[in-house]
1. Is there a residue in the stretch 412-426 that is on the phi < 0 side of the Ramachandran plot, part of a helix (DSSP H, G or I) and modelled with pLDDT of 50 or more?
2. For Ala71, which of the numbered conditions (1) at pLDDT 90 or above; (2) under 21 Å from Ala134 (Cα atoms); (3) open to solvent by 60 Å² or more (accessible area, probe 1.4 Å) fails to hold?
3. Could you pull out the residue among Asp325, Asp342 that is surrounded by fewer than 15 Cβ atoms within 10 Å (Cβ to Cβ) and either among the aromatic types (Phe, Trp, Tyr) or modelled with pLDDT of 70 or more (or both)?
4. Taking the stretch 592-633, which residues are in a helix (DSSP H, G or I), touching a residue at least 60 places away in the same chain (Cβ under 8 Å) and charged (D, E, K, R)?
5. Mind counting the residues in the stretch 548-587 that are more than 16 Å from Glu474 (Cβ to Cβ), open to solvent by less than 70 Å² (accessible area, probe 1.4 Å) and in a loop (DSSP other than H, G, I, E, B)?
6. Just to verify a result, which residue in the stretch 20-48, among those that are assigned to a loop (DSSP other than H, G, I, E, B) and of a type in the set (Val, Ile, Thr), is least open to solvent (accessible area, probe 1.4 Å)?
7. Exactly one condition in (1) within 52 Å of the chain's Cα centre (by Cα); (2) under 30 Å from Pro129 (Cβ atoms) is not met by Phe85; state its number.
8. Glu480 - would you say it is modelled with pLDDT under 75 and either under 30 Å from Tyr579 (Cβ atoms) or more than 25 Å from the chain's Cα centre (by Cα) (or both)?
Amino acid sequence: MTAKPNTITVPLNKLDRDPKNVRKTYSRKGIEELAASIRADGYRLLQDPIVRKGDKRGRYFVTAGGRRREALILLAELGEIAKDFPVECKLREDSNPIVVSLTENVMREGMDPVDQYRAFADMVADKVPVPDIAARFSVSEKIVKQRMALGRVNPELLDLYGQEEITYAQLAAFTVTDDHDLQMEVWESLPEWNRDEDNIREALTQEAVSANDRRVKLVGGLQAYEAAGGEVRRELFDSANEGYALNVPLLERLVAGKLESVAEQVRAEGWKWVECAVAAPDDFHFWDRDYPDDVHLSDEDKQALDDAQAEYDDLAELIEAGAADDEKDVEAKLEAIKLRIDAITAKTEVYPDETLARAGAFVMPGHGGSIRIERGLIRPEDMEGEEPASAGDDEQEPAEAERAEAAEAEPAPVKIAMPTVTHSAKLVEDLTAQKTAALRAELAGNPEIALAAVVHAMLLQTVHRREGEYSALEITVKSEDLTSPISDEDACRGIAAFHKLTEMWGDHIPGKPADLWDWCLRQEQDRLLELLAFAAAHSINAVDIGTSYRRREREHADQLGRALGVDMTKWFEPTAESYFNRVNRMTIELSVAEAKGADAELGVRNAKNKAEAVTIAARVVKGSGWLPAPIRIARDEADAETGESLPVAAE
């Protein structure tokens with residue numbers, strides 16, 4: 001029979017790390033937290049370290065309790081205890097030190113969260129502050145508050161947890177409300193297979209609005225809502241959510257006020273009508289729409305834009321280099337400069353008076369707390385009485401006839417052999433990803449072509465087996481992630497447009513998959529066609545990763561783009577950031593020559609360095625309609641044989 005271990009007192013500076021202690025690594029933070037706990041308890045250890053005699057007389061190896069030894073040494077280094085501080089230890093000579101060390105580290109179990117809650121609650125009742133509790137037990141204040149939040153839970157549910165009939169995650173979900181009756185009602189009403197924490201939390205917060213809701217984000221977040229007098233319930237256990245807004249009428253008033261303030265600015269533009277809405281009308285994509293005319297900036301505005309852009313770049317470099325004296329002040333200046341840039345850029349697009357007289361705009365909540373403005377929309381009733389031009393007229397207007405004659409009289413353009421433009425594989429992937437995003441956004445608004453594309457893809461996989469490579473649609477339905485190849489997702493117009501469509505449909509499609517089938521059965525065919533276009537758009541993949549893989553699919557993507565009439569100049573503009581900074585000097589010169597001619601190329605060639613060449617190229621090419629080859633919608637082979645090619649310049 002083994003004798004009980006002897007208790008001995010050993011000076012701290014006589015305790016050594018045991019080479020047979022299986023635990024070799026200690027985190028600095030963990031040691032500091034343990035030292036704080038020992039300090040809070042009057043420099044006493046709750047558990048004596050287990051030691052064995054060392055190699056030298058009077059010294060001992062710490063077989064179990066290495067963290068306690070390290071924490072005491074830290075306290076000695078801080079001057080809080082003596083270097084020879086007396087430590088009570090258990091002496092064990094008759095046991096395998098490896099087994100003892102491994103047993104202590106492996107065969108221990110953390111305290112149950114509900115037991116922690118009850119213990120913390122007793123301490124709070126004794127008026128021990130939360131920070132002191134956290135320091136005493138080496139946990140964060142958030143952990144203490146989370147455990148204390150369990151006090152909101154119905155005792156019956158706590159009993160079920162003790163009987164292992166409910167998980168801790170489920171129990172934590174009930175802390176979103178103090179209503180014990182509602183908690184039991186939700187628990188008993190949810191079927192056993194549907195009692196996960198998310199469903200519990202959703203059922204308990206049906207009358208509240210999450211901080212992640214776009215209405216909350218639109219008004220500036222929960223802080224802005226609270227500043228207006230709104231009540232908030234915080235959620236300690238849901239790290240993805242800051243809490244819930246409880247005063248829904250107040251929130252709706254704040255949203256309406258924010259939208260209306262923007263709508264007033266839009267009305268000042270002279271539209272026939274401007275309305276605020278939670279979402280666009282259901283038949284939104286069938287409405288006619290007018291687009292703005294492109295307007296060239298005056299020399300004065302061009303210079304102001306260049307100056308503002310240069311100022312913005314200089315300040316941005318200061319922040320990136322960490323050289324800004326006051327980063328918040330610099331960021332405020334950046335925001336002000338951005339507003340100047342936006343104001344000047346807005347002058348490049350102007351809606352004609354006839355469009356303003358018959359069209360209008362919707363002002364709606366957008367993505368990530370933004371405000372979405374859809375301009376140029378023509379209501380169906382405003383189209384009444386307008387007769388479309390006859391497609392069968394043989395006669396041309398005089399002006400059209402003159403243009404046609406002039407075109408025939410013009411000599412065929414002389415083709416000049418140009419050096420081959422090369423792009424890095426990464427840039428080609430970026431540009432074709434943006435091309436894919438634009439195709440998706442366009443197809444999502446064209447149900448007829450989407451239907452043809454989907455049927456085509458299905459026939460390739462059924463009637464013509466194993467010929468699916470001739471379609472750009474990954475109809476299984478797979479959807480390529482475009483955020484990886486695109487260098488600046490926020491600047492991608494196709495991504496932004498598709499986000500808007502996703503938000504719009506999210507307001508109509510049921511949130512629960514189980515409800516979706518019956519909902520679909522109740523929809524009209526036109527609505528289903530729109531959904532078909534939206535779903536099909538997800539599957540377009542025209543991304544070029546630099547190999548011959550999926551070559552035929554990419555060719556079909558161009559066919560699709562031609563059928564949709566996609567104008568890529570509406571979706572992408574070659575700027576310093578999006579293109580010229582990412583290619584070499586030769587490609588910059590060739591691009592400018594292709595876009596604006598040899599004289600413009602000469603200006604780039606005479607630049608002192610690449611940075612100056614980039615600045616000149618971006619300014620010269622802006623507004624020309626020129627696009628890099630990978631992002632263009634290629635013309636079909638018949639057009640290529642007749643000498644027609646994709647326009648790359650607007651001149």
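The values are calculated or read from the model by the stated rules, or taken from the named source; none is laboratory data. Please read these numbers as outputs of a predicted model, since none were measured by experiment. Heads up, the Cβs are rebuilt from the backbone with ideal geometry, glycines too, and the neighbour counts pull from every protein chain shown. Keep in mind that these areas ignore ligands, DNA and RNA; they rest on the heavy atoms of the full protein, side chains included. Shrake-Rupley method; radii C 1.70, N 1.55, O 1.52, S 1.80 Å.
1. Applying the first criterion (on the phi < 0 side of the Ramachandran plot) to the stretch 412-426 yields 412-426.
Imposing the further condition that a residue be part of a helix (DSSP H, G or I) reduces the set to 425-426.
Applying the additional criterion that residues be modelled with pLDDT of 50 or more yields 425-426.
Within the stretch 412-426 (the criterion being on the phi < 0 side of the Ramachandran plot, part of a helix (DSSP H, G or I) and modelled with pLDDT of 50 or more), the answer is yes, since at least one residue qualifies.
2. Failing condition for Ala71: (3).
3. The unique qualifying residue is Asp342.
4. Glu594, Arg619
5. Here the count works out to 12.
6. Step one: list which residues in the stretch 20-48 are assigned to a loop (DSSP other than H, G, I, E, B), which gives 20-27, 41-48.
Filter again for of a type in the set (Val, Ile, Thr), leaving 22, 25.
Working: Val22: 59, Thr25: 112 Å².
If we take residues in the stretch 20-48 being assigned to a loop (DSSP other than H, G, I, E, B) and of a type in the set (Val, Ile, Thr), then Val22 is least open to solvent (accessible area, probe 1.4 Å).
7. (1)
8. Against the criterion (modelled with pLDDT under 75 and either under 30 Å from Tyr579 (Cβ atoms) or more than 25 Å from the chain's Cα centre (by Cα) (or both)), Glu480 qualifies.
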